[in-house]
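FYI, it's all coordinate maths here, none of it is from the lab. What you see is a predicted model, and the numbers here were worked out from it, not measured in a lab. Virtual Cβ from ideal backbone geometry, glycine too; neighbours counted across all protein chains shown.
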Amino acid sequence: MPQTRTSPSPPPSAPRPAPERGRAALGPALALVHTGQAPTRAELTTRLGVTRATAGAIAAELAALGLITVDTSPVGGARRGRPSHRLAPAASGPVVLAARVHAGGISVARVGLGGQTDGAVVDLPLPEPSAPEPVLRTVAEAGARLAGESGGRRCIAFGLAVPTPVTVPDRTALAAIYLDWPPGTPVGELFARAVADAGLELPTRLANDANLAALAEHRHGAGRGARHLLYVMTGDRGVGGGLVVDGQVHLGSAGLALEVGQVTVNPGSDGRLCACGNRGCLDVEADPAALLAAAGEVERADVPVLDQARALLRERGAEPRVRAAVERVADRLGMGIAVMVNILNPDRVVLGALHADLLAAAPERLPQVVAERAYWGRSGRVPILPAALADPDLIGAAELAWQPFLDDPLLLAV
């Protein structure tokens, strides 16, 4: 994952640390509360494998750091027995700034623990031209405004989701083909500089949007509980994907794994031309533009293409030519997913944005195509589910920003 600055060890005036065993469990405990897996102290005790007293000390330490609340009032008005200690992210606790850049614009928000946004999400148009510096400056300045409106909640980091593969550890953009970003743009360095220029002294982290969406769905959405989660989505342009294995995003040797959009699903002469130079890539055979083209629709310049495709499904989905277009694109998507299922053997597939709409429009056909083409699909189908989060890449950017503090909550004890 991209590198981030870390805070020094807490000074003597910091909150009293828990016993050593409990201190080591602070991060795992916070992660359990953050993802909703430990809503009570009893559940925290079980999942951590510690004593009730140790779990209580851990919860108390996290509460002292202002990260969670511990509610000892009886559940449901019960008065007998020990009160239930309910655990939840603190509503007044710290937040991170999170942003996403996409073909349709820029979105920025404050996000607390639990993956909950603090206030409204701010949506902005892309600057003209959409070169790296103007885009990242717009992101940073919007984040600075939100930080100033946080109502006293401490902003601790800034995470960004970008529509391009991002190399690690140098954090360069490989190919933001729908933005005016040349290959090799040092996007990590430019983002950190833009944030500093906006007056924010915050650690910055950024990564590919599909990878971050996969992480968010795994922690807070339809992928919760999966060990090997494959996430596939299309936004305004192209197809992205991510793989989460045992809670960690699989990045490959240089951060470039799971470029699912480059899977070939229509190599014939009628395959649509991809920006990579090949024909028939999933990137151009299963995105909103492909659906509009298959239905004989002409793209409008004044409306985001994703909105046009969704409106087509919603308003005219029963028309024969729209049904035929849905089946064509669903078949292409199913072929691509089957290739990935054969290689990765996930235990769950989650589809985001327009792909979730395609699943709803073709609830039997899409899984059937995957089952027929996946090597083991006929004997044991992998569940295919729609994404549960409205803005998974934005929440994923927040997850990225939160990660150092989930690993070591005592970084906040300064």
Tabulate in residue order the Karplus-calculated ³J(HN,Hα) for region 312-325, using 6.51 cos²θ - 1.76 cosθ + 1.60 with θ = phi - 60°, rounded to whole Hz; enter x for Gly and Pro.
-> 4, 5, 6, 9, 9, x, 8, 5, x, 6, 6, 4, 5, 5
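Starting from the Cα-Cα distance between ARG323 and ALA42, subtract it from 0.36 nm times their residue separation and give me the gain in nm to one decimal. Please report the intermediate quantities before stating the final value.
Working: separation 281, 0.36 × 281 = 101.16 nm, distance 5.06 nm.
Stretched out fully, the ARG323 to ALA42 stretch lengthens by 96.1 nm.
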Whole number please: convex hull volume per residue, Cα atoms of the chain, in Å³.
-> 167 Å³
Zone of GLU372 (label point 7 Å along Cα→Cβ, backbone N under 12 Å): which residues in region 324-348?
-> 328, 331-332, 334-335
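How much length, in nm to one decimal, is gained on full extension between ASP270 and ALA88, taken as 0.36 nm per residue of separation minus their Cα-Cα distance? Intermediate results must be reported in sequence, preceding the final value.
Working: separation 182, 0.36 × 182 = 65.52 nm, distance 5.37 nm.
This chain segment gains 60.1 nm when fully extended.
Tell me, which longest segment in the chain has none of the GluC sites (Glu not before Pro) that fall in DSSP loops with at most 15 further Cβ atoms within 10 Å? Spell out each step's value before the answer.
Numbers: sites that count: GLU149, GLU201, GLU299, GLU364.
After excluding every exposed loop site, the longest remaining stretch is 1-148.
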Phi angles of region 112-126, converted by Karplus (6.51 cos²θ - 1.76 cosθ + 1.60, θ = phi - 60°) into ³J(HN,Hα) in whole Hz with x for Gly and Pro, give x, 4, x, x, 9, 6, 9, x, 6, 7, 8, 10, 10, x, 5
Sum -39500 (n - 2.57) across every DSSP H segment of at least 4 residues in the chain, then divide by the residue count to get the 222 nm mean residue ellipticity, nearest 500.
-> -11500 deg cm²/dmol
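How high is the relative contact order of the chain, in percent, with contacts defined as C-alpha pairs under 8 Å that are six or more residues apart?
On the way: 855 pairs, mean separation 72.8, N = 414.
RCO, the chain: 18 percent.
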Whole-Hz Karplus ³J(HN,Hα) for region 145-155, in order, using 6.51 cos²θ - 1.76 cosθ + 1.60 and θ = phi - 60°, x for Gly and Pro?
-> 5, 5, 4, x, 10, 7, x, x, 6, 6, 8
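Give me SER92, SER107, SER269, SER73 ranked fewest to most by other Cβ atoms within 10 Å of their Cβ, as a rough exposure proxy.
SER269, SER73, SER92, SER107
Any chance you could run the full-extension gain for ASP180 through VAL122? It's 0.36 nm times the residue separation minus the Cα-Cα distance, nm to one decimal. Intermediate values should be presented prior to the final figure.
Values: separation 58, 0.36 × 58 = 20.88 nm, distance 2.24 nm.
Extra length available between ASP180 and VAL122 comes to 18.6 nm.
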Once both label points are put 7 Å beyond Cα along the C-beta direction, the GLN262-ARG365 separation in nm becomes 3.0 nm
Nonlocal amide H pairs with ARG272, under 5 Å, H built at 1.01 Å = GLY280
Kindly put PHE405, PHE158 in sequence by how many other C-beta atoms sit within 10 Å of each C-beta, fewest to most.
-> PHE405, PHE158
Can you tell which of GLY252, GLY277, GLY334 shows the greatest fluctuation in a Gaussian network model of the chain with Cα springs below 10 Å?
-> GLY277
Would you mind ranking ILE337, ILE58 by Cβ crowding within 10 Å, fewest neighbours first?
-> ILE58, ILE337
Amide H contacts under 5 Å for THR69, restricted to residues at least 5 apart in sequence or on another chain and with H modeled in the peptide plane, are ALA88, ALA90
